[in-house]
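So the structure is just underneath, and the comments pick up after that.
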Amino acid sequence: MMLKIGVLASGAGTNLQALLDASREGRIAAEVAVVICNVAGAGALDRAREAGVPSVCMEHGHYDDRASFDADLVNALRAHRVDLVCLAGFMRLLSPQFVDAFRGRILNIHPSLLPAFPGLHAQRQALAAGVKITGCTVHLVDEGLDAGPIVAQAAVPVHEGDTEETLAARIREQEHPLYVHAVGLFARGLVLQGRRVLTPG
Ligand code: GRF
């Protein structure tokens with residue numbers, strides 16, 4: 001069965017692109033059914049259009065509160081019969097109501113080896129901490145910030161001359177194949193054992 005993915009993005013959408021490409025090339029048994037973006041003019045919307053995938057722009061500033069924004073998000077995802085929600089640079093916290101509506105079916109990608117450096121500016125945090133290895137993580141989303149069970153990780157070396165930008169670029173190269181890999185694992189079925197994600201398929 002073809003898994004239907006809803007991608008939520010706020011920015012350039014390079015992770016979205018990786019999922020679109022993998023789907024088009026048959027590398028994952030999944031298709032992007034809808035792209036939802038909370039920032040007008042974001043690159044992610046162009047990428048959706050280019051790929052011929054429906055997109056929705058929902059500017060959060062037009063909503064009274066998080067509850068009504070999240071309720072609309074849930075409605076849009078349900079209208080497109082989404083099985084899996086992929087957060088790909090979506091710069092909004094999701095309410096417990098949203099998490100509950102798609103419990104166990106939301107993935108996020110974060111540019112650090114969680115649980116190190118959650119939250120904003122993960123690359124800056126890694127440089128400030130002086131770690132020699134950082135990376136990226138795909139995890140299931142729960143109510144916490146970058147806190148849910150880990151599905152897949154990739155390690156990335158920190159170089160002495162790194163700036164936030166050079167490190168972010170090196171991490172991003174690993175994010176794209178990692179996200180595709182994680183969606184493939186999800187499509188084959190994940191099993192939770194406490195905080196451990198097992199991939200029996
Ligand atoms: C990535 O670094 C991702 O890890 C973080 O936001 C960034 C999104 O980049 N959550 P893009 O929009 O997919 O290019």
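Data overview
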| item | result |
| --- | --- |
| Test: residue in segment 1-14 that is free of Cβ contacts under 8 Å to residues at least 12 places away in the same chain and more than 24 Å from R188 (Cα to Cα) | no |
| Candidate set from segment 111-139 (those that are within 17 Å of the chain's Cα centre (by Cα) and surrounded by fewer than 22 Cβ atoms within 10 Å (Cβ to Cβ)); member that is farthest from the ligand (Cβ to nearest atom) | P115 |
| Residues (polar (S, T, N, Q) and part of a helix (DSSP H, G or I)) located in segment 122-145 | Q123, Q125 |
| Strands (runs of 3 or more DSSP E) contained entirely in segment 146-199, each with at least 2 residues that are surrounded by fewer than 19 Cβ atoms within 10 Å (Cβ to Cβ), in contact (Cβ under 8 Å) with a residue 40 or more places away in the chain and within 16 Å of the ligand (Cβ to nearest atom) | 150-157 |
| Qualifying residue in segment 2-14 (condition: in a strand (DSSP E or B), hydrophobic (A, V, I, L, M, F, W, C), away from the ligand (no atom under 16 Å from the Cβ) and at pLDDT 95 or above) | yes |
| Residues being loosely packed, with under 15 Cβ neighbours inside 10 Å, over 20 Å from S55 (Cβ atoms) and touching a residue at least 40 places away in the same chain (Cβ under 8 Å) - total across segment 76-103 | 2 |
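The values are calculated or read from the model by the stated rules, or taken from the named source; none is laboratory data. Please read all numbers here as calculations on a predicted model, not as lab measurements. Note: ideal-geometry Cβ built from the backbone for every residue, glycine included; neighbour counts use all protein chains shown.
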